[in-house]
1. Considering Cα pairs under 8 angstrom that are at least six residues apart, work out the relative contact order of the stretch 64-167 and quote it in whole percent.
2. At 0.36 nm per residue, and after removing the present C-alpha to C-alpha distance, how many nm does the segment from Asp72 to Asp47 gain when stretched out fully?
3. Give me the distance in nm between label points sitting 7 Å out from Cα along the Cα-to-Cβ direction at Arg104 and Phe157, one decimal.
4. Ordered by packing density, taken as the mean number of other Cβ atoms within 10 Å over each peptide's residues, highest first, how do 69-82, 52-65 rank?
5. So how much slack lies between Phe132 and Ala170, counting 0.36 nm per residue of separation and subtracting their Cα-Cα distance, in nm?
6. Assign unit charges at the C-beta atoms only (+1 for Lys and Arg, -1 for Asp and Glu), then state the dipole size of the stretch 59-149 relative to its Cα centre in Debye, rounded to the nearest 20.
7. How would you classify the stretch 133-178 from its alpha-carbon gyration tensor, with a ≥ b ≥ c the square roots of the eigenvalues: rounded for a/c under 1.5, else prolate if a/b is greater than b/c, otherwise oblate?
Amino acid sequence: MNSATLARPMAPRTTRSTSEHAVGDAAGLGVRPVSESFDLVHQAIKDVEDPEIPVTLFDLGVLRSVEVVGDDIRVVLRPTRLGCPGRDRMERDLISAVQQVDQRYRVAVDWESVAWTDEDVTARGREVLREFGFAVDIADAACPYCSSRDVAKQGDFGGALCKLPYNCRACGSTFDVMRSSVPVAVTLRPSIDGSNDG
């Protein structure tokens, strides 16, 4: 029975492979593929995007690990918010991505209860989010359009649980900042009239 595990180097929970064929590195997730089908499945999983933001779950830091044992695949995800309403959609998209490559695989998706933070986002993920008008660092939010830090929070809820609406005082753009379930101390910046509304 072939088994292989692909795990992010920074994942708190990784699973060791029991296959003597699973060695080396595969696209930053940990273990070299043991077959062409496995390689295609791995890439399909890695390419699945968030339901609301055009960035992959891997680059967003939601995809934590992938374990393949025979025809069974276990995918571990970390939600951006513990109550994220997009979880069912992510599961369906992952299962669909695998089955489009090879229908023999059975996919199980497990969710970590560990809170996602902006540190889980890859460098590429940060760049993609910036291109689409999202900021990542809630503790030091900067406008994704002009890079100004003269920004103000516009409310406690954005278009989704994982987003906070902000406004840039420098260029006038509105944008969302990704937020996690982890409380973060935010430095309030005084507005022009002297009030702290950031």
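Please treat every number below as a calculation from the coordinates, not as lab data. Nothing here was measured: the structure is a model prediction, and the numbers come from that model. Here the Cβ is made from the backbone with ideal geometry for all residues, glycine too, and neighbour counts use every protein chain on show.
1. Details: 119 pairs, mean separation 22.5, N = 104.
Relative contact order of the stretch 64-167: 22 percent.
2. On the way: separation 25, 0.36 × 25 = 9.00 nm, distance 1.93 nm.
Result for the pair: 7.1 nm of gain on full extension.
3. 4.8
4. Values: 69-82: 19.3, 52-65: 21.6.
Order by mean packing, descending: 52-65, 69-82.
5. On the way: separation 38, 0.36 × 38 = 13.68 nm, distance 1.85 nm.
Between Phe132 and Ala170, full extension yields 11.8 nm more.
6. Values: 13 positive and 17 negative charges, 38 e Å.
With Lys and Arg at +1 and Asp and Glu at -1, about 180 debye.
7. On the way: a/c = 1.83, a/b = 1.55, b/c = 1.18.
It is prolate, given that a/c is not under 1.5 and a/b is the larger ratio.
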